[in-house]
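Chemist: This structure is in structure tokens; I'll ask about it shortly.
The values are calculated or read from the model by the stated rules, or taken from the named source; none is laboratory data. If you're wondering where the values come from, they're calculated on a predicted model, not measured in any experiment. We place every Cβ from the backbone using ideal geometry, glycine too, and count neighbours over all the protein chains shown. Accessible surface areas use protein heavy atoms only, side chains included; no ligands, DNA or RNA. Shrake-Rupley method; radii C 1.70, N 1.55, O 1.52, S 1.80 Å.
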Amino acid sequence: MSVDGLFLGTDRGDAKYRAAMERAIDAVLDAVADREEPYSGAAPDALVESFDDSVIPEEGCGLETTLDEVTERVLAHSVDPSNPRCGAHLQCPPMVPGLAAEALLSATNQSLDSFDQAPAATVLEERVVDALCSLFDLPREADGVFTSGGTQSNFQALLLARDRYCAHQFDRDVQNEGLPPEADSLRILCSAEAHFTAKQAAHHLGLGEDAVVTVPTNGDRRMDPEALEATLAALRERGAAPFALVGTAGTTDFGSIDPLDALADSAAEHGLWFHVDAAYGGALAVSDKYGDLLKGLERADSVAVDFHKLFYQPISCGALLLRDGAAFQWMARNAAYLNPEDHDDRGVPNLVSKSVQTTRRFDALKPYIAFRTLGQSGMATLVERTLRLADKTAKLLESADDFELLGDPTLNAIVFRYRPCEGITDEEASRLNAAVRRELLEDGRAIVARTEVDGATSLKLTLLNPTTTLEDVGAILEIVRDCGTAIGGAQEVVA
Ligand SMILES: *Cc1c(COP(=O)(O)O)cnc(C)c1O
């Protein structure tokens, strides 16, 4: 086999690159974007059967054939987050400027671990981080790093919080010595609606999920500040060592935002690291109209924000911001080949010391190109549009006899139940909605999520797409009704 044409920088390679990219674009437009339904409805076993030939054949079959196969087998059975009737998860339609950025960053393949692998990219990531710190009103000493998303940002924030606490409280250098004998007493607080990654991080940090204490929420599904104080008092009484408080700006199901100012007060009083998980809601910072909902976030010790959600960038793209950039010291290390301690090139930034990753994508280019292209006001328009649509959707659900709205939306997630007749119990409604959701997945005309609310299965729309209209939402609800009828409606479930 010849290597000619496989790599950039050769005449044939450059031409092949152009042709392959054009073909890839056509495949996306034909197989996904121009399709009417957001999903084909293919069941898992049918998909398994479609991949029946060898993944690693002895001889390759060439790029054109392979791309055609992938178009037919993969793209045709992918969900299309750009379809207005795709409204399940925090899976955004990627904006065109972000797709262009993704093409640039993958082709140039800069790696953000060391300056010598990504000179301009390193400097630009730092510039974008600075701009984000100002956007969130963090002080001058603030700093940050791009991450794979909220999971990694939350993990890294809690790692830094734990290690700072152990150094100050137990005079323990966790990086070198491991957890202190007192580790069993360490506790993280978050609300009952917080993302599961708070618990996951506790596990990964060697503290165990039981180290996470959930504080009750009030009727709006926001952390109850009085319950937080009571929880902290009870923990102290038992000799526990709470070190971090996680506030959520945009819970996954309801989009609710914890009372961040009150949480910041408690964190300051009790000496806790205040982390705000703004993976979802952080985008409100671009909006003059809704930015106030984040009041108190500027007091956080760390902030997680995702660009692959309400900032409309292709996966993956997140950032962790720190109020005091010096806190990166708790994870800094020196590798002789990347950022040697006694290097001759002082002043050269090697971002490996700020990340839990080594080789790292130049994801910062995506929000950079998006912000430069649209400006803050353009980004705000997108976010505001979806929040208005969510309000109208809530009204639509409220006025329908066969739907039950479960709480007013704060952002653009709306939780509801299909309830076609009076008198069915919550348990029956739960079974009915689970069945409707299964039917929806096979139907493919609309993508709606399911979730549990107070133990009962419910449906959820996350209306991230700024091109979705109220008519589209009406069509989604009609499809939900169709699916309810197709499975025999409430009768079937109640019988
Ligand atoms: C999405 C989300 C996460 C997880 O982030 P990933 O980007 O999926 O890793 C964590 N917290 C909240 C509030 C989220 O919305």
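Chemist: In the stretch 242-292, what count of residues is obtained for those that are touching a Pro at 6+ places or on another chain (Cβ under 9 Å), among the aliphatic types (A, V, I, L, M) and surrounded by fewer than 22 Cβ atoms within 10 Å (Cβ to Cβ)?
Modeler: Qualifying residue count for the region: 1.
Chemist: LEU321 - would you say it is surrounded by 24 or more Cβ atoms within 10 Å (Cβ to Cβ), more than 12 Å from the ligand (Cβ to nearest atom) and closer than 21 Å to HIS89 by Cβ? Can you show your working first?
Modeler: Details: surrounded by 24 or more Cβ atoms within 10 Å (Cβ to Cβ): yes; more than 12 Å from the ligand (Cβ to nearest atom): yes; closer than 21 Å to HIS89 by Cβ: no.
No, not satisfied.
Chemist: Somewhere in the stretch 421-436, is a residue open to solvent by less than 50 Å² (accessible area, probe 1.4 Å) and of a type in the set (Ser, Thr, Tyr)?
Modeler: yes
Chemist: Taking the stretch 414-449 as the region of interest, how many residues are closer than 22 Å to GLU471 by Cα and either of a type in the set (Lys, Arg) or assigned to a strand (DSSP E or B) (or both)?
Modeler: The qualifying residues number 10.
Chemist: Checking the conditions here, which among VAL48, VAL55, VAL32 is in contact with a helix residue (DSSP H, G or I) (Cβ under 8 Å, 6 or more places away or on another chain) and among the β-branched types (Val, Ile, Thr)?
Modeler: VAL32
Chemist: Quick check: anything in the stretch 138-153 of a type in the set (A, V, I, L, M), assigned by TED's automatic domain parsing to the domain that holds ALA327, farther than 23 Å from ALA268 by Cβ and at pLDDT 95 or above?
Modeler: yes
Chemist: Hey, another quick one. Under the condition of being closer than 19 Å to GLU182 by Cβ and in contact with a helix residue (DSSP H, G or I) (Cβ under 7 Å, 6 or more places away or on another chain), which residue from the stretch 222-241 is most open to solvent (accessible area, probe 1.4 Å)?
Modeler: Ranking the qualifying residues of the stretch 222-241, first place goes to GLY239.
Chemist: Please give the number of the condition SER355 fails out of (1) in the same structural domain as THR462 (by TED's automatic domain parsing); (2) over 25 Å from ARG221 (Cα atoms); (3) buried (at least 18 other Cβ atoms within 10 Å of the Cβ); (4) polar (S, T, N, Q).
Modeler: Only one criterion is unmet by SER355, namely (1).
Chemist: Of all residues in the stretch 136-171, which are within 12 Å of the ligand (Cβ to nearest atom) and at positive phi?
Modeler: GLY149
Chemist: Now a separate question. Test each condition in (1) more than 23 Å from LEU321 (Cβ to Cβ); (2) in contact with a His (Cβ under 9 Å, 6 or more places away or on another chain); (3) basic (Lys, Arg) for LYS366 and report the one that comes out false.
Modeler: (1)
Chemist: Those residues that are open to solvent by 40 Å² or more (accessible area, probe 1.4 Å) and assigned to a helix (DSSP H, G or I), I need them from the stretch 136-156; list them, please.
Modeler: THR151, PHE155
Chemist: Restricting attention to the stretch 186-215, which residues are open to solvent by 30 Å² or more (accessible area, probe 1.4 Å), out of contact with any Leu (no Cβ under 9 Å at 6 or more places or on another chain) and not hydrophobic (A, V, I, L, M, F, W, C)?
Modeler: Matches in the stretch 186-215: GLU193, HIS195, LYS199, GLN200, HIS203, GLU209, ASP210.
Chemist: Taking the condition of being small (Gly, Ala, Ser) and touching a Leu at 6+ places or on another chain (Cβ under 9 Å), how many residues in the stretch 151-184 meet it? Let's see the steps before the verdict.
Modeler: Going residue by residue through the stretch 151-184, those that are small (Gly, Ala, Ser) are 153, 157, 161, 167, 178, 183.
Adding the requirement that they be touching a Leu at 6+ places or on another chain (Cβ under 9 Å) leaves 153, 157, 161, 183.
Residues in the stretch 151-184 being small (Gly, Ala, Ser) and touching a Leu at 6+ places or on another chain (Cβ under 9 Å): 4 in total.
Chemist: Now for a different question. List every residue pair whose Cβ atoms lie under 7 Å apart, where the two residues are 6 or more positions apart in sequence or sit on different chains, the first residue falls within the stretch 89-109 and is more than 18 Å from GLU125 (Cβ to Cβ) and outside the structural domain of MET21 (by TED's automatic domain parsing), and the second residue, located anywhere, is aromatic (Phe, Trp, Tyr) and crowded, with 20+ Cβ neighbours inside 10 Å.
Modeler: LEU90/TYR280; CYS92/TYR312; PRO93/TYR312; PRO94/TYR312; MET95/TYR312
Chemist: Within the stretch 200-243, which residues are part of a strand (DSSP E or B) and within 15 Å of the ligand (Cβ to nearest atom)?
Modeler: Residues satisfying the conditions are VAL212, THR214, THR217, MET223.
Chemist: Of everything in the stretch 293-305, what is open to solvent by 10 Å² or more (accessible area, probe 1.4 Å) and within 13 Å of the ligand (Cβ to nearest atom)? Give them in sequence order.
Modeler: none
Chemist: Consider VAL129 carefully, then state whether it is open to solvent by 10 Å² or more (accessible area, probe 1.4 Å), of a type outside the set (Phe, Trp, Tyr), touching a residue at least 24 places away in the same chain (Cβ under 8 Å) and away from the ligand (no atom under 16 Å from the Cβ).
Modeler: Taking the combined requirement at face value, the residue does not satisfy it.
Chemist: I've got another one for you. Condition (residue is open to solvent by less than 20 Å² (accessible area, probe 1.4 Å) and either assigned to a helix (DSSP H, G or I) or over 26 Å from LYS289 (Cα atoms) (or both)) applied to the stretch 402-413: is it met by at least one residue?
Modeler: Checked against the condition, which is being open to solvent by less than 20 Å² (accessible area, probe 1.4 Å) and either assigned to a helix (DSSP H, G or I) or over 26 Å from LYS289 (Cα atoms) (or both), the stretch 402-413 yields at least one hit.
Chemist: So, one more: Quick one: which residue in VAL383, VAL473 is crowded, with 19+ Cβ neighbours inside 10 Å and in contact with a strand residue (DSSP E or B) (Cβ under 8 Å, 6 or more places away or on another chain)?
Modeler: The conditions single out VAL473.
Chemist: Same structure again: Within the stretch 247-258, does at least one residue satisfy the condition of being more than 16 Å from the ligand (Cβ to nearest atom) and at pLDDT 95 or above?
Modeler: no
For (1) part of a helix (DSSP H, G or I); (2) among the polar types (S, T, N, Q); (3) over 30 Å from ALA335 (Cα atoms), each residue gets a yes or a no:
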| residue | (1), (2), (3) |
| --- | --- |
| ALA19 | yes, no, yes |
| GLU22 | yes, no, yes |
| VAL28 | yes, no, yes |
| GLY41 | no, no, yes |
| GLU59 | no, no, yes |
| ASP80 | no, no, yes |
| GLY98 | yes, no, yes |
| GLU102 | yes, no, no |
